[in-house]
Amino acid sequence: MEGVLVSAKSEQRPITVTVVTDADGRYSFARDHLQPGRYKLSIRATGYELAQPVHVAIGQNGTATTDLRLRPVADFSRQLTSAEWLVSMPGREENKSTLYRCVACHDLTPIVQSRYDEKSWPGTIERMQTFVPASVLTAPVENPEPPPPGRPDPQFVKFLASINLDGRTTWPFHLRKFPRPKGAETRVVITEYDLPGPSLPHDAAVGHDGFIYYDDFQRPLVGRLDPHTGQAKEWALPILRPGFPEGLLSIKIDNNGDLWIPRFFQGCTLIRMNTKTEQMTTWTVPAKYNGPESRCGHVALGAPDGTVWMSDSGGRRMFRLHPDSGAFETFNSFPGNSLPEGAVSIETAGRKSTGHRTYGIGVDSKGNGYFADIAGGTIGEIDAHTGHVTLHPTPTPDSGPRRTFMDNEDHYWFGENYASKVGMYDTNTKQMREWVPPVPWNGAYPVVRDGNGDVWTVGMSTDYVYRLNPTTGAFTFYLLPTLRANLRRVDIDNSVSPLAVWTAEVHRGKLAKIEPLP
């Protein structure tokens, strides 16, 4: 069997290493990836499971050989990703698109396994709308200022009742699974690191010191992982707004190796952490711009004059910080574009975004600021000298542009999360391009370009890490061993050969390193 993921989990360290079987069904772990010790083996191959538990001991100088026997599972529905559920179920694309937005907080398995009827669904949807996207089923987080409850679309409610187990014991449609990895997709080593729990790591960023830094989506902390030992160290951040969600959305690392941490629901405060001394410096925008609606979750580094950009998705503003003086400049992200009365600009269960909302941001070599308008489907450009804002619509309407990356050619890359596409805005020619991964409902979320020119993205719905050659348009998919990992950010370690890609498994409390092999 080709394309079976074989994982070896250490019984001594919080590290799991995974390889993939080749066309002959063979797998092997290199000596430099597994230390001597005892390991438990597991597999990922939809529709199959190990026939019996397998443990193996690796000695100091020996080589262990273990053949694995698989057996079909009677019910593989629990092995499906959200994207596979969406492909399997019938229905209008509009309803599926609305359902897809639920994967921000949890995968779709609980929905399709539910037994709610048409009368029960509206109350459930309204309850879900009171939670923030940092929620998970085991730990929901209430929005301190939830949007006014929206009446769910009756057609969407009817759709939900048609795809679950209301009044039946099995689903009224054929379950479809994606094919296993093949060819180049099997040439990879994946190392996963369990973090101290309960952990919901949102971003994983490659440090200059060999460590991997991460933040937490629910807890006010940043952490540092030692990839050699698997040990983690964490720093707690102060609570600035009691009663508001405490977690973080993003972290960035500057040329000095220092962390930059926006406080998200805790207000428009930006923290710089010196990774050598562990000292923290804090800046907060003027009080009139730091209201209860403020959601400053993103930061952009690299401006030639040393300024730092930060976005406020709640106030729909962009700020530019001068770190030496502590002064902030304020820009209206959407001048002349106010929301309709009673409308909200955030995606929630059973509701589509309206208006505009600032999300991932970037800065070009001239110091101009850029942002993804997730609700309006545009890319915003702010002239660093005049403050003039220009909105450039993405080729696909309602594409949901999300996390972004400015490369060294001033190409602004972004994931079109709602449209499941990869986008790029050339700030020089003012032209846009799109690439479509050949996996439906892939939910491309961030985009990062590596030192070789390839482009990487991930999504919350598939457990795939995608590699794009932008010249040929060819994609390669690397499947992670952990089911329903929920991926939202990638970072590249270009200092090693071959390069390594890092991502956080948000809903599984892990960091993962993906090493493509030649």
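The values are calculated or read from the model by the stated rules, or taken from the named source; none is laboratory data. Everything numeric here is computed off the predicted structure, so don't read it as measured data. Because the Cβ atoms are built from the backbone with ideal geometry, glycine has one as well, and the counts that use them run over all protein chains shown.
For the reader, a short list of remarks on this structure follows.
- Cβ pairs under 6 Å, 6+ apart, first in the stretch 195-215 and closer than 11 Å to residue 252 by Cβ, second of a type in the set (S, T, N, Q) and buried (at least 21 other Cβ atoms within 10 Å of the Cβ): 203/250
- Residue that is farthest from residue 511 (Cα to Cα), among those in the stretch 193-219 that are acidic (Asp, Glu) and either touching a Leu at 6+ places or on another chain (Cβ under 7 Å) or part of a loop (DSSP other than H, G, I, E, B) (or both): 209
- Any hit, the stretch 162-177, residues being buried (at least 21 other Cβ atoms within 10 Å of the Cβ), touching a helix residue (DSSP H, G or I) at 6+ places or on another chain (Cβ under 9 Å) and not polar (S, T, N, Q): yes
- Among the residues listed as 471, 476, the single one being in a loop (DSSP other than H, G, I, E, B) and surrounded by fewer than 21 Cβ atoms within 10 Å (Cβ to Cβ): 471
- Taking the stretch 119-132 as the range and being among the β-branched types (Val, Ile, Thr) and either free of Cβ contacts under 8 Å to residues at least 60 places away in the same chain or part of a helix (DSSP H, G or I) (or both) as the test, the residues that pass are 124, 125, 130.
- Here residue 464 passes the criteria (1) under 30 Å from residue 8 (Cβ atoms); (2) at pLDDT 95 or above; (3) surrounded by fewer than 24 Cβ atoms within 10 Å (Cβ to Cβ) except the one numbered (3).
- Subset tally (residues that are in contact with a Ser or Thr (Cβ under 9 Å, 6 or more places away or on another chain), surrounded by 19 or more Cβ atoms within 10 Å (Cβ to Cβ) and of a type outside the set (A, V, I, L, M, F, W, C)) for the stretch 306-336: 9
Residues are listed down the side, and each one gets a yes or a no for (1) touching a Ser or Thr at 6+ places or on another chain (Cβ under 9 Å); (2) outside any helix (DSSP H, G or I):
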| position | (1), (2) |
| --- | --- |
| 74 | no, yes |
| 83 | yes, no |
| 91 | yes, yes |
| 95 | no, no |
| 98 | no, no |
| 107 | yes, yes |
| 110 | no, no |
| 117 | no, yes |
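- Top-ranked residue in the stretch 43-72 [being free of Cβ contacts under 8 Å to residues at least 60 places away in the same chain, aliphatic (A, V, I, L, M) and assigned to a loop (DSSP other than H, G, I, E, B); ranked as surrounded by the most Cβ atoms within 10 Å (Cβ to Cβ)]: 64
- Taking the stretch 262-305 and the strands (runs of 3 or more DSSP E) fully enclosed by it, the elements with 3 or more residues that are over 25 Å from the mean Cα position of the chain (by Cα) and surrounded by fewer than 19 Cβ atoms within 10 Å (Cβ to Cβ) are at 280-284.
- Every residue from the stretch 501-518 that is of a type outside the set (Lys, Arg) and without any contact (Cβ under 8 Å) to a residue 60 or more places away in the chain: 501
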